1. How many nm separate the modelled label positions at Phe722 and Asp104, each set 7 Å beyond the Cα in the direction of the Cβ?
2. For a quick check: sort Thr603, Thr521 by the number of other beta carbons within 10 angstrom, fewest at the front.
3. Please identify every one of the trypsin sites (Lys or Arg not before Pro) in segment 458-491 that sits in a loop by DSSP and has no more than 10 other beta carbons within 10 Å of its own beta carbon.
4. What number comes out for the charge environment of Val562, summing +1 per Lys or Arg and -1 per Asp or Glu over other residues with Cβ under 14 Å away?
5. List the relative contact order of the chain as a percent without decimals, with contacts defined as Cα pairs under 8 Å and 6+ residues apart.
6. Grab the other residues whose beta carbon is less than 11 angstrom from that of Ala502, score K and R as +1, D and E as -1, and report the net.
7. Please determine, in degrees from 0 to 90 and to the nearest 10, the orientation of helix 323-332 with respect to the longest principal axis defined by the Cα atoms of the chain, where the helix direction is its Cα long axis.
8. Average projected area of the Cα convex hull of the chain, in nm²?
Amino acid sequence: MHLLRTARAWVATLAAAAAASAFVITAPPALAAPPAPAADKIDQSVLDAAQKGEETSFFIVLTEKADLSGARKAKGHEKKATLAYEELTTTAANTQRPLRNFLDKNDVEYQPYWIANAIRATSSDVELIEDLAARKDVAEILPERRYAIDDTVVASATESAAVTADTPVEWGISDIKADQVWSQYGVRGEGIVIANIDSGVQYDHPALVGNYRGNLGNGTFSHDYNWYDPTGVCTTGVPCDNNNHGTHTMGTMVGADGIGVAPGATWIAAKGCEGRSCSDPFLLASGQWMLAPTDHNGQNPRPDLAPDIINNSWGGSDDQSFYTDIIAAWNAAGIFEAFAAGNDGDGVTCSTTAAPGGLGEVYGVGAYDVNGKIANFSGFGPSPVDGSLRPDITAPGVNVRSAVAGSRYQAMNGTSMATPHLSGAVGLLWAEAPSLIGDIEATQALLNSTARDVDDTHCGGTPGRNNVWGDGKLDVLAAVDAAPHTRSIITGTATDAVTGAALPNLTVHVTGTGFDRTTTTDAHGEYRVVLPAGTFRFELSGYGYAPLVDEGYVVTAGTDAVHDLALNAVAHHRVSGIVRDVTGAPLAGVTVAVENTPVPTVTTDAQGRYTLPDVAEGTFSLAATPAAPVLCNGISRGPLEVGADVVNDIDLPARTDAAGTSCRPASYSWIKGASKVAISGDEDAETVALPFPVTFYGTTYTSASVTTNGLVNFAAPRLGDFANSALPTGSAPNSIIAAYWDDLVIDKKASVQTALTGTAGSRKFALVWNNAAIAADTSVRLSFEVVFDEKTGTVTLQYKDVAASALERGSSATIGIENATGTDALQYSFNQAVITDGSAISFIRKGA
């Protein structure tokens with residue numbers, strides 16, 4: 001599940017992580033200074049919205065900050081990232097607990113974050129907001145903001161092919177002299193992991209697929225720890241880009257065929273931008289994930305897999321917000337961050353840069369064109385936020401050709417295009433000089449001191465460092481020339497110990513004092529790793545072979561060497577079994593896969609049986625994924641130990657949402673309506689009192705609105721919702737039960753009723769749509785109802801008088817539930833003909 005989760009689920013996960021990491025959660029430390037007056041802590045826009053009675057989302061920023069000094073002093077990327085993660089999560093758990101208790105008591109829906117020690121809450125209660133501000137543990141209350149992705153498409157090359165060996169590299173690559181680093185030093189970013197927080201990435205773009213960290217070879221991919229989408233836009237679970245921007249910036253950093261600065265680097269990505277804008281909750285969640293990537297369920301955080309470099313080609317705020325906390329966390333973890341300086345310039349006016357790239361704590365990048373002139377859109381300093389000299393450096397940002405979604409190429413303008421040149425340059429620098437990895441200050445100083453000066457002081461500064469060019473034009477060759485050259489290039493070939501065959505796609509994990517690097521063997525079984533002087537441990541592992549550990553390998557400074565390794569093959573066995581659905585019945589069409597291996601996937605037959613005839617010995621993850629429509633069947637993923645032939649039956653779990661609500665088929669028991677609800681026609685809604693409190697996604701309600709279009713809406717009456725959508729969605733309606741969300745008509749032949757059965761404590765309350773007509777064809781009708789269970793809190797949907805037509809069975813309807821912010825949902829179906837007569841579906845709260 002995503003890191004955007006409800007408070008209780010987050011606390012449970014954090015507790016588990018704390019236990020696993022063996023760090024102690026202590027009582028919150030005493031706060032040293034008295035808080036500012038309460039009114040001064042609240043951004044006026046938050047109060048203005050609440051005073052108008054508008055539900056508004058805002059961030060409660062806590063006073064206490066994590067002490068990251070231990071992480072900053074640590075050696076090695078893995079150690080620094082792990083210490084930073086532990087300190088940040090511990091501080092958040094300790095200091096947020098009283099505030100979360102207060103929010104729970106006041107029935108406020110919220111989402112906590114640990115990277116900035118902040119909580120996002122939603123309310124229209126002015127008094128509650130003022131009470132929050134009066135708390136000593138609250139530093140400030142800030143509005144939720146959106147940041148822009150700014151770019152201008154200037155030249156379409158949609159029909160052109162990629163740059164080939166017969167054509168020059170893109171102008172920006174040669175201008176910063178990246179191609180000279182390739183030829184003179186023989187490095188292209190190998191061993192470095194570069195990430196972006198952007199609009200997403202087309203992971204299978206020809207220029208990017210080869211060095212995506214999730215590419216396992218042989219056409220297989222694993223997106224765990226390599227891709228994160230808190231926006232929910234990429235509904236298939238694989239990386240996507242609905243804007244082209246993220247694919248373009250990634251292409252400039254690591255793309256093949258002459259478009260990327262560091263084409264030998266590996267990349268991962270988080271979709272922090274829902275489209276052309278990037279909202280605070282998604283950026284915060286992405287920032288957390290970058291420091292501790294998770295699997296696709298948002299579980300099992302791995303700070304050791306954090307990237308080395310993060311590119312941020314977005315911005316546009318005039319406020320510092322709390323992103324300086326995120327940047328401080330990344331830097332303490334040894335992660336280099338680069339931000340676009342902004343596109344609000346006009347070529348003359350000063351103080352046109354914007355946060356976050358316009359902040360002194362951030363490494364900001366301006367843009368220039370092929371003629372060496374500053375771009376007329378590039379933001380100038382001094383910073384309008386903190387008065388600092390901006391930007392830090394400039395890079396090519398006009399008519400930059402790179403990859404875009406659809407496996408195409410296109411030229412764009414923007415400081416968004418300049419920033420990935422800088423990020424890729426750091427990848428080259430760190431690949432050549434690994435002693436700099438994680439040393440943010442030394443790296444920034446080296447980039448600044450080797451930049452080509454440009455004398456333009458009309459916005460202040462000096463000829464060598466000014467508010468137009470920063471320290472000047474990026475020169476990565478000069479930076480690499482000036483770097484400490486203590487590295488050695490170790491290459492080798494992994495082979496089968498008996499046959500001598502080359503072994504591709506093996507993981508090569510190299511560790512030493514303060515050093516941790518992972519790479520893979522290529523199609524020829526070859527690997528390459530750049531190491532400082534010292535003694536190292538090589539561990540090779542891969543499907544079909546026993547792991548090989550080679551201790552005590554000595555590297556001499558500046559001396560390249562060849563280190564070949566041979567592995568022993570293991571035996572193969574048969575794995576078979578039966579896959580059953582949530583009701584215990586055998587299920588056909590389920591895909592069964594031994595994850596992260598070249599073992600071909602298989603599909604269960606009509607009796608739910610599967611057979612994997614040839615699986616190597618070892619420990620793996622076995623996944624069973626039901627075919628669409630999945631309905632209440634979740635994905636099973638469990639350990640598979642192969643040492644002989646294995647019979648492994650699989651029971652699919654019930655699907656769950658981030659809050660832990662599960663979905664299951666239920667016993668049908670229709671409740672007949674008794675009291676009429678006064679709604680009719682094509683678009684109508686009525687609020688009804690609930691006979692007992694109903695808790696929905698952590699908030700308790702005593703009333704709900706019922707609409708003609710098959711919705712129960714806890715937030716507000718909502719008319720005009722004839723166009724159903726998939727769940728979750730950030731746009732209204734939210735906080736809903738979609739019993740049968742379609743454009744429906746309640747005419748003279750139809751009605752909506754309520755009914756109450758049972759005795760106090762065990763009552764059931766039904767909202768019943770009788771003989772509702774589908775607007776697209778009013779001859780098609782069905783009955784359905786929502787049943788609330790007072791004792792268990794379960795919500796059950798039941799369907800009656802459903803005929804065989806696809807339209808009647810839900811081919812244009814949405815069925816499911818969604819929380820108040822549109823960030824979490826459990827969708828049963830969307831435009832799928834899956835409803836049958838006499839069927840029932842229950843949504844069961846976690847712990848019920």
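1. For the pair Phe722/Asp104, the computed spacing is 4.5 nm.
2. Details: Thr603 13, Thr521 24.
Placing the least packed residue first, the sequence is Thr603, Thr521.
3. none
4. Within the 14 Å Cβ shell, the charges total -3.
5. Computed value for the chain: 9 percent relative contact order.
6. So the surrounding residues net to -4.
7. 50 degrees
8. On the way: hull surface 149.5 nm².
That works out to 37.4 nm², a quarter of the Cα hull's surface.
All of the numbers you see were taken from the coordinates with simple rules; none came from a lab. As the structure is a prediction and not an experimental result, all values here were calculated from the model. Neighbour counts are summed over all protein chains in view; Cβ atoms, including those assigned to glycine, are modelled from backbone coordinates with ideal geometry.
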